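Worksheet: one structure, shown below.
Bear in mind these aren't lab numbers, they're just calculated from the coordinates by the rules spelled out. Everything numeric in this text was worked out from a predicted model, so none of it was measured. Neighbour counts are summed over all protein chains in view; Cβ atoms, including those assigned to glycine, are modelled from backbone coordinates with ideal geometry.
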Amino acid sequence: MSVPRPVPGASLRLFLFHHAGGSPLLYRDWETEFSPDWEICLLSAPGRGRLRGSPPLGTVEELVSFFHEELRPWLDRPFAFFGHSMGGIIAQELTQLLARRGEPAPVWLGLSACPVPAPAADRPPGGRHLLTDTELRGWLRQVGGTPVELLDDQAMWRHFAPVFRSDFQLVDTWDPDPQAPPLAVPLTVFGGESDMVVTRHRLAAWAERAPLFRGLYLYGGGHFYLRDHRRSLTRRITAATVAARRATRTADHG
């Protein structure tokens, strides 16, 4: 985990989870958009960044467990989670794990381009991790978000392809617990209006899975819409988190 702007005595920590095949670079300079008394923490899955020497993890359960151990010492003050795509899966599964263990919960959860979980049996067979190199690179070009030079350079692709395949296997084979309780924290959902990966319907379906659903916000763009709307998105994250903390304080004193 990296903390680009350490804040001793921070009033809140915001943990940001990245997408499949990605890294914390998705959130480069985001710390400048938030209150100076917030500490912004960028999480990195094994296989990239400072953990590039570690093999990628192949299941949601393994990655959630990894982050649970990494974050444990950092949950000593109010905190919030925001995850994009695969990062949203991990953020909501980690929220559920904390609840099951009776550990501190995030004051707010933000899910970006992350659909309501569907049982593996309800999904079509196959998956992106099974595509040929040519097919997978073509799919990544369509979705956007991956540097063109990485897709065009054979040596770079050979280096990064295992991370893409491992992350996509993690997502494509994820089989969520159908008996999992509803998310018990304030939840806001975000997405791109023309996202070819996640439909508006599957984003809106979160309203039925979270008693404290705080709305769906759609932006112009596709799966990586957030790169063109950083200021608007971070302001909504701030407003939603502040409102959730205010509601919690009111409930505690009510």
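Values computed for the structure shown
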read-out	value
Tyr219 long-range amide H proximity, modeled H, under 5 Å	Gly191, Gly192, Glu193
Placed amide H near Phe213: partners under 5 Å, 5+ positions off or other chain	Leu187
For the range 180-254 and the range 1-66, distance of Cα centres in Å	19
Degrees separating the helix 133-143 axis from the principal Cα axis of the chain, which is the longest one	40
Residue of Gly47, Gly144, Gly222 that the Gaussian network model of the chain assigns the largest fluctuation, springs spanning Cα pairs under 10 Å	Gly144
Overall form of the range 1-42 per C-alpha gyration tensor (a/c, 1.5; a/b vs b/c)	prolate
Label-point separation in nm, Ala180 to Met1, each point 7 Å along Cα→Cβ	2.0
Order of Cys114, Cys41 under a 10 Å beta carbon neighbour criterion, fewest first	Cys41, Cys114
Gyration tensor (Cα) of the range 165-254, equivalent ellipsoid semi-axes in angstrom	26, 20, 12
Ranked His201, His19, criterion: other C-beta atoms within 10 Å, fewest first	His201, His19
MRE, 222 nm, helices only [DSSP H, n ≥ 4, -39500 (n - 2.57), over the chain, to nearest 500]	-11500 deg cm²/dmol
Degrees, to the nearest 10: 154-172 long Cα axis against longest axis of the chain	50
In degrees, nearest ten, helix 60-71 long axis to first principal axis of the chain (Cα)	50
Pairwise Cα inverse-distance average, inverted: Kirkwood Rh of the range 89-212 (Å)	16.4
5 Å-binned pair-distance histogram of the range 1-119 (Cα, whole percent)	2, 11, 23, 26, 21, 13, 4, 1, 0
Förster-model FRET efficiency, 35 Å R0, Glu69 and His159, C-beta, rounded to 0.05	0.85
Chain lengthening between Glu193 and Thr173 when straightened (0.36 nm per residue, less Cα-Cα)	4.6 nm
GNM result for the chain, Cα springs below 10 Å: residue of Thr173, Thr188, Thr134 fluctuating most strongly	Thr134
Residues Leu140, Leu203, sorted so that the one with the fewest Cβ neighbours within 10 Å comes first	Leu140, Leu203
